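One structure is given below, encoded as structure tokens.
The values are calculated or read from the model by the stated rules, or taken from the named source; none is laboratory data. Just so it is clear, the model here is predicted, and its values are computed rather than measured. Note that we place each Cβ from the backbone using ideal geometry, even for glycine, and neighbour counts take in every protein chain shown.
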Amino acid sequence: MSHSTPQPTAPPDAAARAVAPARADAAARTDDRTDAYVDLATRPETRGIELVRPSERHGRARELFWVWAAPNVSVLNFTIGATMILLGLELWQALLLIVAGSLPWILTGIVATSGPAAGTSGSVISRAMYGVIGNKLVILLTGWLLSAVFLALNWLASSFMGAELLAGLGWTDPVLVPVVVTLVVSLVTVLVAVYGHGLIVKTYPAVTIGLVVVFVAVSAFILPHADWGYRAAEPLEGVGLWSALTIGFTILAATPLSYINSPDIARYLPRSARPSHIVAATALGGALPCIAFTAMGALLATGIDAAAMDLGIESALLGMLPAWLAPVFVVAVIVNTISLNGMTTYTSSMALQSIGIPMRRIPAAILVGAIGTALTVYLVMSTSLLEAVNLMLQLLIVVTGPAMAIYLTDQALRRNRYDGSALLDQERGGPFWYTGGWSIPGLVAAATGGLAAAWCLTTEAGAGPIAEALGFVDLSVPAGMAVAGLVYLGLSRTRLAGPTRP
């Protein structure tokens, strides 16, 4: 670690005055305002990664339940649930696996507690794990890659559903119609991200209630088609069963493990907010709708044949609904897409700032939206919804599992104590400069954890050497997280950690 050293001839107070502005860089961006920042739903949010001062903190932990519930009342859950049956599982096995795959939402809740502790975004807090410069590389992957993929996946779902509905009105172009739907939905999504935290917290409770009503109504029409005594044509056993179960778990766990950005929404809460309440609100808000509607997706798959599934889960689903409910459901899917991608675009705009690109948050949100739109248009023209969801969620585990494990380990080592001002200090020799701006423990842990996950991963595109040796049993989640967490823990206790150790 290289620290800047004051010149021998400089008096101590002069040296302190020279270093102090750099140390207060972040605070200055907030404190130079004469009035406290006001977080309103009717005003575009200009705050980015700047510190949220104590006087500007507000809200209660329970608000996070609605923030996380609205994005997860999603048609993607139907798709993921259907995948559990397509893997060859019995219905009861699929339902138990869906519950188990939702448990990682607890980890998302634990990570969220660092937001109020630091008063800044998760993409800045992770400088404690990777160093000022190393964090830019990690956020480029965990922030930008995740954001682009999830923006595309959700816009893809709304595009296909919107195209199915418009086809009934005579708009049948298989490429142009989904692209137009994508462009319209992405525009509204970016507007949500521009208005930011205040709009999200204010409107998402009503959005959640409305979505739940529609999705419950849809579920009522799915249930009569479900085969409650469903049994696979060739029941799995032995290694084949374990392969299906572990692949299914990887797909299910990918969603909660991807939300390393959960501190971004929680950072406005007062420091006095109880961590247990933050964990509970975040975890339950994400897990409950995931469990309910992923289970409905599994039930849906038991009641339709392979030919219908080949046409697409969205087509099969709309075919079960009465004429009056189908358009309502499509609108609900689009609203859900906007709520999820609005939050994703919001948090990824701060990830862009933390990388060091000199942009304010609102232009950054527009840029993120443009990139996600471009990827969605590409997917619309090249793949099906089911194929895109399964493959992308599995591949993301290589990045998200290790990153989540490192974050949790750092929280435990530091006892969730983070100094926001110090984290925003990017000057050479600052508290988190480590070794030339790089934290060796964090980066080595991320690389080794990602490698372990890749070796243990099984996808349709291929399998890692360990997964193949085990008969395509997928241990990518536990392997990647265990290796990353243990390596980070071990190296953090050595000289490689540098002076600013957890």
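So here's what we get for this one:
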quantity	calculated
Any hit, the stretch 76-88, residues being of a type outside the set (V, I, T), within 20 Å of S121 (Cα to Cα) and part of a helix (DSSP H, G or I)	no
Lone qualifier among T494, T458, T448 - being touching a Ser or Thr at 6+ places or on another chain (Cβ under 9 Å) and of a type in the set (S, T, N, Q)	T458
Yes/no for L424 being more than 17 Å from A484 (Cβ to Cβ), buried (at least 21 other Cβ atoms within 10 Å of the Cβ) and modelled with pLDDT under 95	yes
Within the stretch 484-499, tally of residues that are surrounded by fewer than 23 Cβ atoms within 10 Å (Cβ to Cβ) and outside any loop (DSSP other than H, G, I, E, B)	8
Candidates L96, L89, L40 - the one that is over 22 Å from the mean Cα position of the chain (by Cα), at pLDDT 90 or above, surrounded by fewer than 19 Cβ atoms within 10 Å (Cβ to Cβ) and over 30 Å from P441 (Cβ atoms)	L96
Within the stretch 453-471, considering residues that are out of contact with any strand residue (DSSP E or B) (no Cβ under 9 Å at 6 or more places or on another chain) and either among the hydroxyl-bearing types (S, T, Y) or surrounded by fewer than 18 Cβ atoms within 10 Å (Cβ to Cβ) (or both), the one nearest to A405 (Cα to Cα)	T458
Failed condition for T142, given (1) more than 28 Å from R57 (Cβ to Cβ); (2) of a type in the set (V, I, T); (3) crowded, with 24+ Cβ neighbours inside 10 Å	(1)
Check on L156, over 15 Å from the mean Cα position of the chain (by Cα) and either surrounded by fewer than 24 Cβ atoms within 10 Å (Cβ to Cβ) or among the small types (G, A, S) (or both)	no
Qualifying helices (runs of 4 or more DSSP H) (wholly inside the stretch 299-367; at least 1 residues being at pLDDT below 85, over 17 Å from the mean Cα position of the chain (by Cα) and more than 21 Å from F78 (Cα to Cα))	325-355
Count - residues of the stretch 186-218 that are within 15 Å of A365 (Cα to Cα), surrounded by fewer than 23 Cβ atoms within 10 Å (Cβ to Cβ) and in contact with a Phe, Trp or Tyr (Cβ under 7 Å, 6 or more places away or on another chain)	1
Tabulated pairs, the stretch 237-255, first on the phi < 0 side of the Ramachandran plot, second assigned to a helix (DSSP H, G or I) and hydroxyl-bearing (S, T, Y), C-beta under 7 angstrom, 6+ apart or interchain	T250/S476; I251/T83; A254/T400
Positions within the stretch 268-286 being assigned to a helix (DSSP H, G or I) and surrounded by fewer than 24 Cβ atoms within 10 Å (Cβ to Cβ), in sequence order	P275, S276, H277, V279, A280, L284
Close pairs from the stretch 412-437: first at positive phi, partner assigned to a loop (DSSP other than H, G, I, E, B) and of a type in the set (A, V, I, L, M, F, W, C), Cβ under 6 Å, at least 6 apart	Y434/M1
Test result for A226, surrounded by 17 or more Cβ atoms within 10 Å (Cβ to Cβ), in contact with a helix residue (DSSP H, G or I) (Cβ under 6 Å, 6 or more places away or on another chain) and either basic (K, R) or within 18 Å of T337 (Cα to Cα) (or both)	no
Flag if I265 is farther than 24 Å from S219 by Cβ, of a type outside the set (S, T, Y) and either surrounded by 24 or more Cβ atoms within 10 Å (Cβ to Cβ) or touching a helix residue (DSSP H, G or I) at 6+ places or on another chain (Cβ under 8 Å) (or both)	yes
